[in-house]
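The values are calculated or read from the model by the stated rules, or taken from the named source; none is laboratory data. Since the structure is predicted, the reported quantities are computational estimates derived from the model, not experimental observations. Here the Cβ is made from the backbone with ideal geometry for all residues, glycine too, and neighbour counts use every protein chain on show. Side chains included, ligands, DNA and RNA excluded: accessible areas come from the protein's heavy atoms. Shrake-Rupley method; radii C 1.70, N 1.55, O 1.52, S 1.80 Å.
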Amino acid sequence: MNKAKSPVNETLDESNHDSSKAPAHESSNASFNASTNYRTRIVSALSEIGQAQWDALVQAQADTNPFLSFAFLNALHESGSASGKSGWQPQFLTIWRADGDKADGDLVAALPLYVKSHSYGEYVFDWAWADAYERNGLEYYPKLLSAIPFTPVTGSRLLTRDAEATTALIAALITVQESNTFSSTHILYPPQAQAEILREAGFMLRTGVQFHWLNADYKDFDAFLETLERKKRKNIRAERRKVHDAGVTFRHVSGHAASEDDWIFFKCCYDHTYADHRSTPYLNLDFFQRIGATMPQNILLIIAEQDGQAIASSLLIHDEQTVFGRYWGALKHVDCLHFETAYYQPLEFCITNKMACFEGGAQGEHKMARGFLPQKTWSAHWLAHAAFSDAIEEFLKRETGGIESYMDELNERNP
């Protein structure tokens with residue numbers, strides 16, 4: 001295997017790409033022939049594409065969310081939270097169709113893509129794979145990663161206008177990963193339909209489990225509680241009572257109404273959570289202020305107060321149908337405050353605003369006791385080293401069997 005270059009200096013080549021001449025992956029069953037010639041561009045900044053072109057492509061997808069938006073991704077990049085210096089070098093793969101009225105043509109496909117020099121902030125763990133490479137004297141980093149940094153949320157990764165553009169994008173990706181020195185390519189949290197397309201293109205699929213709350217058109221929070229087993233219903237009421245009896249009240253602050261002081265306070269809470277876990281925060285204040293300014297319609301801050309002082313906060317991102325719990329933190333301990341601020345208050349918001357779903361983040365089997373149900377997630381993986389690829393394929397077969405059994409067990413314990 002070729003030795004890897006420095007991840008900060010590693011860049012991909014821009015080229016005029018004829019998708020009909022792209023080499024097929026040797027393990028692929030898919031055909032990559034297409035009648036249209038496309039231009040492939042690797043972009044290191046979304047400003048090279050422009051917000052109008054990017055968001056138009058995102059909004060054309062069946063599986064989209066606010067994390068795919070220009071505002072969110074650009075804030076990650078421009079704030080330095082996801083940049084070459086932080087080990088997330090943007091190298092977005094884009095496909096353009098010629099248009100006589102536009103200098104660059106029309107953006108018809110894109111893949112959010114990063115050159116990674118580590119595996120932090122991904123939530124699909126490949127540390128054991130990296131360790132196996134190192135023990136055998138091979139370089140695992142840099143690797144290619146398609147994901148939304150620090151965001152374990154399912155959504156389109158193959159952003160395309162039509163089937164032909166999808167074919168061209170996958171062909172371009174295969175060309176890139178086979179003609180460079182990267183150890184592997186990883187595409188995290190695609191919808192199942194896209195995961196199956198990637199399987200046909202030679203990727204190995206991996207499954208995981210998250211826990212989501214689904215709104216059955218509840219009239220209020222009590223109506224939701226009545227659907228739960230008696231013991232779980234009693235426990236939730238007891239948890240909420242502890243917070244209420246401690247004199248804690250809550251403010252729901254929309255992105256439009258959030259002040260600079262609100263963001264500074266939230267960042268203090270966010271940092272405090274990482275300090276409690278003896279870890280380093282991924283995101284800086286500049287990032288939070290940027291999304292507050294550029295996508296306020298998608299933001300809700302929940303701020304807990306006691307004796308007139310703010311003591312905790314959670315950040316939610318939402319669209320018209322789904323609320324995504326992102327981060328939470330507290331400057332003072334109050335029993336059960338975490339559950340109230342990060343779960344029950346968001347559920348109240350979902351019910352009041354007729355939101356269909358609340359996604360509370362990665363992992364968390366404890367969420368089932370609070371009415372969340374298991375949902376399967378997907379990732380797709382390609383490794384250049386044939387022997388390691390075979391070994392990981394066998395590992396994934398065993399792991400998938402374990403996930404299926406785990407899902408069956410969880411569904412038997414439906415709250």
Counting just the residues of region 239-265 that are without any contact (Cβ under 8 Å) to a residue 40 or more places away in the chain and either loosely packed, with under 11 Cβ neighbours inside 10 Å or not aromatic (Phe, Trp, Tyr) (or both), which one comes out nearest to residue 297 (Cα to Cα)? 257
Applying the selection to region 141-152, what residues are open to solvent by less than 10 Å² (accessible area, probe 1.4 Å) and part of a loop (DSSP other than H, G, I, E, B)? 142, 147, 148, 149, 150, 151, 152
Restricting to helices (runs of 4 or more DSSP H) lying wholly in region 208-280: which have 3 or more residues that are under 30 Å from residue 150 (Cα atoms) and in contact with a Phe, Trp or Tyr (Cβ under 8 Å, 6 or more places away or on another chain)? 230-245, 260-276
Need at least 2 residues that are within 28 Å of residue 411 (Cα to Cα) per element, so show me which strands (runs of 3 or more DSSP E) inside region 294-374 make the cut, counting only ones lying wholly within it. 309-318, 322-330, 357-362
Look at residue 393 and say whether it is modelled with pLDDT of 95 or more, assigned to a helix (DSSP H, G or I) and open to solvent by 30 Å² or more (accessible area, probe 1.4 Å). yes
If only one of 103, 98, 128, 60 is open to solvent by 20 Å² or more (accessible area, probe 1.4 Å), out of contact with any helix residue (DSSP H, G or I) (no Cβ under 6 Å at 6 or more places or on another chain), modelled with pLDDT of 95 or more and farther than 22 Å from residue 185 by Cα, which one is it? 60
Only one residue in 137, 121, 155 is assigned to a loop (DSSP other than H, G, I, E, B) and either surrounded by fewer than 19 Cβ atoms within 10 Å (Cβ to Cβ) or among the acidic types (Asp, Glu) (or both), so which one is that? 137
Apart from one, (1) of a type outside the set (Ser, Thr, Tyr); (2) modelled with pLDDT under 95; (3) surrounded by 15 or more Cβ atoms within 10 Å (Cβ to Cβ) all hold for residue 413; the odd one out is (3)
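Being in contact with a Ser or Thr (Cβ under 8 Å, 6 or more places away or on another chain), closer than 25 Å to residue 376 by Cα and among the small types (Gly, Ala, Ser), is that true of even one residue in region 179-187?
No: zero hits.
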Conditions (1) under 24 Å from residue 217 (Cβ atoms); (2) open to solvent by 40 Å² or more (accessible area, probe 1.4 Å); number of the one not met by residue 370: (2)
State all residues of region 266-281 that are touching a strand residue (DSSP E or B) at 6+ places or on another chain (Cβ under 7 Å) and under 17 Å from residue 296 (Cα atoms); if no residue qualifies, say none. 266
Could you give every pair whose Cβ atoms fall below 8 Å, whose first residue belongs to region 339-360 and is more than 19 Å from residue 153 (Cβ to Cβ), and whose second residue is part of a helix (DSSP H, G or I) and of a type in the set (Asp, Glu), counting only separations of at least 6 or pairs across chains? 339/239; 340/239; 344/239
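Any residue in region 204-213 that is of a type in the set (Phe, Trp, Tyr) and either out of contact with any strand residue (DSSP E or B) (no Cβ under 7 Å at 6 or more places or on another chain) or closer than 27 Å to residue 132 by Cα (or both)?
Among the residues of region 204-213, not one is of a type in the set (Phe, Trp, Tyr) and either out of contact with any strand residue (DSSP E or B) (no Cβ under 7 Å at 6 or more places or on another chain) or closer than 27 Å to residue 132 by Cα (or both), which makes the answer no.
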Of residues in region 267-283 being surrounded by 10 or more Cβ atoms within 10 Å (Cβ to Cβ) and over 21 Å from the mean Cα position of the chain (by Cα), the one modelled with the lowest pLDDT: 276
Of the residues that sit in region 287-334 and are farther than 26 Å from residue 211 by Cα and of a type in the set (S, T, N, Q), which one is most open to solvent (accessible area, probe 1.4 Å)? 309
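Listed here are the residues, each with its yes/no results for (1) modelled with pLDDT of 95 or more; (2) closer than 30 Å to residue 402 by Cβ; (3) open to solvent by 10 Å² or more (accessible area, probe 1.4 Å).
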site: 160; (1), (2), (3): yes, no, yes
site: 166; (1), (2), (3): yes, no, yes
site: 177; (1), (2), (3): no, yes, no
site: 185; (1), (2), (3): yes, yes, no
site: 193; (1), (2), (3): yes, yes, yes
site: 198; (1), (2), (3): yes, yes, no
site: 201; (1), (2), (3): yes, yes, no
site: 205; (1), (2), (3): yes, yes, yes
site: 218; (1), (2), (3): yes, no, yes
